[in-house]
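Novice: Have a look at this one.
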Amino acid sequence: MCGECIEKKGIHVPEDLIHLDIYNSNTETDPNMRLENNSTDSNLDCSESCFLKDGKEGKMILTTLLSKEDKAGTLLINYDTDDSSSVITRKKCGCGRTHMKIDNPTRDAETITMFGNSVNRVDIEAGVFQRENMEYLTGEYESFLYGNETENTLRISVEYKDYSNLNKKIVENNFLSSFLRKNNDLKEKYYNDEFEIIFNFLKKGKLEFYKIKGRPKRLIDRR
């Protein structure tokens, strides 16, 4: 539904094809309530309570826009994507496009919370897929969170190419630098020994998800 431009500072929403709302998932108001009443009375507008202002993160709700007599393979009406994002800007982009830009979406089902901080699968991947790391790793990985409300341990399991050529310290340092740079609170808790990150280096085919049918889960909460 969206695409990145050469600026690489968010992704554009083609507003002539798709209407996107950022929905407040903390409210009990159903975004489909707007479909149940055809009135144009402004008092019925729920935008202030269930839809968020630009810059605020919430669920992405999509509706397909069609001109009269146009057709669509799949028609979406207030479709909940199960992804979260926020509107970055509605101003003209350096690439020349005037479509609004949103932050790169994160999958809600692949997000966990540690000490009140949201961590998504893409945060783990950013740490694993550091360019220097890929000299030693295959790219396959999985992560597990253990602990309780006051202490958490994140275990990162990665698959190495050749153990004789593996530099564990480089991989670990690159991951920590990337992962902790994004969140000062988790960084502080890590260096205060309230939050532990441990690494597990495995042969090809030894990760847990190989034993489970279906799509691999990369971030699993086992608290």
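Novice: So which of F195, F175 is closer than 18 Å to N120 by Cβ, of a type outside the set (G, A, S) and over 21 Å from the mean Cα position of the chain (by Cα)?
Specialist: On inspection, the qualifying residue turns out to be F195.
Novice: Can you tell me which residue in region 145-174 is nearest to K187 (Cα to Cα), limited to those that are of a type in the set (A, V, I, L, M, F, W, C) and buried (at least 19 other Cβ atoms within 10 Å of the Cβ)? Spell out the reasoning first.
Specialist: At the first step, the residues of region 145-174 found to be of a type in the set (A, V, I, L, M, F, W, C) are 145, 154, 156, 158, 166, 170-171.
From what is left, the residues that are buried (at least 19 other Cβ atoms within 10 Å of the Cβ) are 154, 156, 158, 171.
On the way: L154: 13, I156: 16, V158: 22, V171: 18 Å.
Selected residue: L154.
Novice: A follow-up question, please. Kindly indicate whether D123 is of a type in the set (D, E, K, R) and surrounded by 17 or more Cβ atoms within 10 Å (Cβ to Cβ).
Specialist: Details: of a type in the set (D, E, K, R): yes; surrounded by 17 or more Cβ atoms within 10 Å (Cβ to Cβ): yes.
Answer is yes for this residue.
For (1) of a type outside the set (V, I, T); (2) touching a strand residue (DSSP E or B) at 6+ places or on another chain (Cβ under 6 Å); (3) not in a strand (DSSP E or B), each residue gets a yes or a no:
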site	(1), (2), (3)
S118	yes, yes, no
G127	yes, no, yes
Q130	yes, no, yes
T138	no, yes, no
Y141	yes, yes, no
F144	yes, yes, no
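Novice: Among residues belonging to region 53-75 that are open to solvent by 80 Å² or more (accessible area, probe 1.4 Å) and within 24 Å of E110 (Cβ to Cβ), point out the one that is farthest from the chain's Cα centre (by Cα).
Specialist: T74
Novice: Could you identify the single residue in N104, N117, N78 that is within 30 Å of E196 (Cβ to Cβ), polar (S, T, N, Q) and open to solvent by less than 70 Å² (accessible area, probe 1.4 Å)?
Specialist: Answer to the check: N117.
Novice: Sticking with this structure for a sec: Could you give me the residue pairs with C-beta distances under 7 Å whose first residue belongs to region 65-79 and is within 14 Å of D16 (Cβ to Cβ), whose second residue is among the small types (G, A, S) and part of a loop (DSSP other than H, G, I, E, B) wherever it lies, and which are 6+ apart or on separate chains?
Specialist: Short answer, once both residue conditions are applied: L66/A72.
Novice: In region 3-23, what residues are acidic (D, E) and open to solvent by 30 Å² or more (accessible area, probe 1.4 Å)?
Specialist: E4, E7, E15, D16
Novice: Within region 81-96, can you find the residues that are farther than 17 Å from H19 by Cβ and surrounded by 12 or more Cβ atoms within 10 Å (Cβ to Cβ)?
Specialist: Result: D82, S84, I88, T89, C93, C95.
Novice: Looking only at region 203-219, count how many residues are within 14 Å of R155 (Cα to Cα) and surrounded by fewer than 15 Cβ atoms within 10 Å (Cβ to Cβ).
Specialist: The qualifying residues number 1.
Novice: Could you check region 178-189 and list, in sequence order, the residues that are free of Cβ contacts under 8 Å to residues at least 12 places away in the same chain and open to solvent by 30 Å² or more (accessible area, probe 1.4 Å)?
Specialist: Those that are free of Cβ contacts under 8 Å to residues at least 12 places away in the same chain and open to solvent by 30 Å² or more (accessible area, probe 1.4 Å): R181, N184, K187, E188.
Novice: Then there is this: Residue check: is T113 within 20 Å of D221 (Cα to Cα) and outside any strand (DSSP E or B)? Quick ask: steps written out before the conclusion?
Specialist: On the way: within 20 Å of D221 (Cα to Cα): yes; outside any strand (DSSP E or B): no.
Answer is no for this residue.
Novice: Return the pair list, or none, for Cβ contacts closer than 8 Å from residues in region 126-139 that are touching a residue at least 40 places away in the same chain (Cβ under 8 Å) to residues that are of a type in the set (F, W, Y), at least 6 apart or on different chains.
Specialist: Cβ pairs passing all conditions: A126/F179; G127/F175; G127/F179; V128/Y141; V128/F175; Q130/F175; N133/F175; T138/Y160.
The values are calculated or read from the model by the stated rules, or taken from the named source; none is laboratory data. Quick caveat: nothing in here was measured; it's all calculated off a predicted structure. Cβ atoms come from the backbone with ideal geometry, glycine included; neighbour counts cover every protein chain shown. For the accessible areas, the whole protein counts, side chains as well, though only heavy atoms, and no ligand, DNA or RNA atoms are used. Shrake-Rupley method; radii C 1.70, N 1.55, O 1.52, S 1.80 Å.
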